[in-house]
1. In a shell of Cβ-Cβ distance under 13 Å around A:Ser222, excluding A:Ser222 itself, what net charge do Lys and Arg (+1) and Asp and Glu (-1) give?
2. Helix B:141-152 against the longest principal axis of chain B: what's the angle in degrees, Cα atoms only, rounded to the nearest 10?
3. Let's see if you can work this out: charge +1 on each Lys and Arg Cβ, -1 on each Asp and Glu Cβ, no other charges. What is the dipole magnitude of the protein assembly as shown about its Cα centre, in debye to the nearest 20?
4. In peptide A:288-299, what is the residue-averaged number of other protein chain Cβ atoms found within 10 Å of each Cβ?
5. What number in nm² do you get for the protein assembly as shown if you take the convex hull of its Cα atoms and divide its surface by four?
6. With the dipole of chain B worked out from charges on the C-beta (+1 for Lys and Arg, -1 for Asp and Glu) around the Cα centre, which of B:Thr240, B:Phe186, B:Gly304 lies farthest toward the positive end?
7. Provide the convex hull volume over Cα atoms per residue for the range A:22-97, in Å³.
8. Residues of A:255-263, mean number of Cβ from any other protein chain within 10 Å of their own Cβ, rounded to a whole number?
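What follows is calculated from the coordinates using simple rules that are stated; it is not laboratory data. Since the structure is predicted, the reported quantities are computational estimates derived from the model, not experimental observations. Cβ placement follows ideal geometry from the backbone for every residue including glycine, while neighbour counts extend to all protein chains displayed.
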2 protein chains.
Amino acid sequence: VDPVIVIHGGAWAIPESLAAASVEGVKQAARAGQAVLQRGGSAVDAVEAAVSLLEDDPAFDAGTGSVLNAAGEVEMDAVVMDGKTLKAGGVACVQNIKHPVQLARLIMDKTDHVLLVGKGANHFAEEMGIPTVPMETLVTETARKEWERFMKYHETIQDLFSNRDLQAGCDTVGAVALDKTGNVAFGTSTGGITAKRPGRVGDSPIIGAGGYADSQVGAVSSTGHGEAIMRTCLAHHITTLMQTGQSADSASKSALDHMTQRVQGSGGVVVVSATGEVVANFTTERMAWAWVKDGELHYGLDPGQHEKECL
Amino acid sequence: VDPVIVIHGGAWAIPESLAAASVEGVKQAARAGQAVLQRGGSAVDAVEAAVSLLEDDPAFDAGTGSVLNAAGEVEMDAVVMDGKTLKAGGVACVQNIKHPVQLARLIMDKTDHVLLVGKGANHFAEEMGIPTVPMETLVTETARKEWERFMKYHETIQDLFSNRDLQAGCDTVGAVALDKTGNVAFGTSTGGITAKRPGRVGDSPIIGAGGYADSQVGAVSSTGHGEAIMRTCLAHHITTLMQTGQSADSASKSALDHMTQRVQGSGGVVVVSATGEVVANFTTERMAWAWVKDGELHYGLDPGQHEKECL
């Protein structure tokens, strides 16, 4: 099987100031993931490597660059799933961890649980010897300013939560991959949405919402309006439609359309099918995406945009 | 539309000592939910009332009667979903709350989030004026003894987590309902599994795993091996199969069978379709279930057992 990797850097109204960095970031992650696959690495290894790179990139709301919650703190969610075994690991509301996706991988590999949240997730990290980092090292000046802007316009907590603009900063990152042995995987990571309630968990760490992977069908990683994605199980909806014979393109458009119709939510997905069909579809203004297939790097940001480079 | 309610009290190897209390508990909850529906209450009101009653019943692992985690503490998960709007609210790893399902309902009604976990969920409870209760009031002697038995046989934490018997106590409670206006809802609540890692979240509060409700299709509440249910998105799998035209019975059997085949997990579900078809299916040794339909109370515990009473 010819290996494939597809990356997204979040689906939202990405401002011009972040456009170039977002596109460059997903291209780099696609190259890094493809390098893992080319030397025979598994789909899980490839998505972990790609998402780790995106977590390090301050242009994205995941790991370093995560947005701040209403209490001015960073709480992160991440997940990884192996389509061969349907094993999965996720963390939610974890703090002071540089690479949440790597912690999610350890939950998948070393425990019989799927999801650990809050202090319990941090205790597990400690047990595994994952170092904690000061919160400040994860916070960029952009994230801090966005938080200050948000808090200034909302004088009370009640006001904050009743009048929020859900489009504000939801640039989750994610990856799906198909490896040489024909297995698929997905990984997703996020800092969530600016000024979210402490304890709020979005779609990213939820199997079936933030992504799904089944080597008999394909893999999906989602991004966008987290609550809408959870309420419609966006990723599992797509793989289920693919299982009935729909193409990845048709299934992802149907499921995104269903989400618009039923819950007025917008978002985006990257998909790879078990046969190597690749798709990056979104209903938001923009989504940074990139994929590597057959020795070519493809990428885009605006609707209809599709650039190509030989590797 | 003739209103219907279906209840489960957990799918596992229910011991004889709990059998009578489990059956009595689900029957009471079915009657309570049906009373809400008869006086014109919504499906959401009915599942909230029924699950609250099950949370109060010490025979079940939810609210009062919750099992203890490895640290000897109670951490509870609950969720509710309205099939009309696909709105949902869930809490995970919440402590010192008498009725987690009522807190989940408030998240659905009063916030634009879907899931709050840990301390954030408790802060929200405080904001809503929900009183906290001492942990001891939620712990039964049975739960304490089960924890002691479990801890005695596992000398280290590592040993505890690598050799656990996943069948030990997973009697989540749940309800699905169809109201007079034709809308469906589901609610699920649990204390999880004895000696789980602190911070572990199972299927119960996860939309698509612990349950799903869509008034165009039907509603499902799941129970059993939580990690297997999450990895296969059991509830959403069932509603998606129903959407393609399968009956609730056929869809739930197919999805449970898929879970056995792909991840060697067992569990049970209660389902009501938008047209009033009701089902209680399980692949575990036992599941306590009850439903009220057309003035009759149906219930059972063992495979094939189906009793009837006129109301």
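1. Residues close to A:Ser222 contribute a combined charge of -3.
2. 50 degrees
3. 180 debye
4. Details: counts 0, 0, 0, 0, 0, 0, 0, 0, 0, 0, 0, 0.
Taking the mean over all residues of the peptide, I get 0.
5. 24.7 nm²
6. So the residue we want is B:Thr240.
7. 90 Å³
8. Per-residue shielding by partner chains comes out at 1.
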